[in-house]
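The values are calculated or read from the model by the stated rules, or taken from the named source; none is laboratory data. Computed from a predicted model, the values in this text were never measured in an experiment. Every residue, glycine among them, receives a Cβ derived from its backbone with ideal geometry; neighbour counts consider all protein chains shown. Calculation scope for accessible area: heavy atoms of the full protein, side chains included, ligands and nucleic acids excluded. Shrake-Rupley method; radii C 1.70, N 1.55, O 1.52, S 1.80 Å.
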Amino acid sequence: METLRFEYTQDYINTEFCKICRGCIFVYNSIIESHCNLPNDENLIRDEFVKYLKDPQYKSSHTPLNEFHFEKEVPEHMGRVDIKVMPRNGFEDDLAYYIIECKRLDNNNTLGITGLNAEYIRNGICRFTTGFYSTYNDCCGMLGFVIEKMDIHENTCGNINGLLSQTMTNDKGIEVNANVTMPLTNIIMTNTFNYSYISKHNHNNNNKEITIYHLMFDLSDSVIK
């Protein structure tokens, strides 16, 4: 019975996070349709997403966004998380939240340890595997802001996956590793969006497996170079 309850809970958590991902895809489509110009700045691009995620009228017309509360730049453990997501109901304590990390991606040094692909890993994925950010029920997410034209599938499943096993040094001067158990793998989140992925990693502190959902958003026509 204990195992059955745990499996049900984990399935529920993953299902809830997939709702959040689909909501972020709605927001992405709205940003593209608005033809707005975005600065080449990770935080300001994130702010454009959060603007929609916090808008009551937008959320009420884009279910299931209205089931969640979104905040940006929230202090958490050793840093400030890009987006903190709290379910409005259905959970029993204030620790039951999700974290989404945001990173830009471009074509520069895609297979090197100094490019934005490496940054996506060492100061993105590894913030979850090292405990820099918490991972409630071992589930979290990342938004990749693709700011240049590229083959997104090739960059994700080829270039980023090719760097996953490397030990790197993060922005705190600490050696980190993604501890990958399943590399980024394409999944279908909605029928109209092709760039959803899932990966799995072991946590440094307790060796539990973490599931990370990745959404790669093509903003190459929107970002001002």
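Considering segment 194-219, the residues that are in a strand (DSSP E or B) and open to solvent by 10 Å² or more (accessible area, probe 1.4 Å) include one that is farthest from Cys139 (Cα to Cα), namely Asp218. If you go through segment 97-148 and pick out every residue that is without any contact (Cβ under 8 Å) to a residue 12 or more places away in the chain and of a type in the set (S, T, N, Q), you end up with 3. In this structure, does Asn155 turn out to be of a type outside the set (A, V, I, L, M, F, W, C), touching a Leu at 6+ places or on another chain (Cβ under 9 Å), over 22 Å from Phe17 (Cα atoms) and free of Cβ contacts under 8 Å to residues at least 40 places away in the same chain? Here the answer is no, as Asn155 does not meet what is asked. For segment 42-74, filtered to residues that are part of a loop (DSSP other than H, G, I, E, B) and open to solvent by less than 60 Å² (accessible area, probe 1.4 Å), the residue that is modelled with the highest pLDDT is His62.
Residues in segment 21-41 that are surrounded by 15 or more Cβ atoms within 10 Å (Cβ to Cβ) and of a type in the set (A, V, I, L, M, F, W, C): Cys21, Cys24, Ile25, Phe26, Val27, Ile31, Leu38.
When Met150, Met142 are screened for being open to solvent by 30 Å² or more (accessible area, probe 1.4 Å) and of a type in the set (A, V, I, L, M), only Met150 passes. Among the residues making up segment 144-158, a single one is closer than 16 Å to Asp221 by Cβ and in a helix (DSSP H, G or I): Ile152. Selection of first residues in segment 205-225 that are under 25 Å from Ile45 (Cα atoms) and of second residues that are open to solvent by 10 Å² or more (accessible area, probe 1.4 Å) and part of a strand (DSSP E or B), restricted to Cβ pairs under 7 Å at least 6 apart or on distinct chains, gives the following pairs, ordered by first then second residue: Thr211/Ile198; Thr211/Lys200; Tyr213/Ile198.
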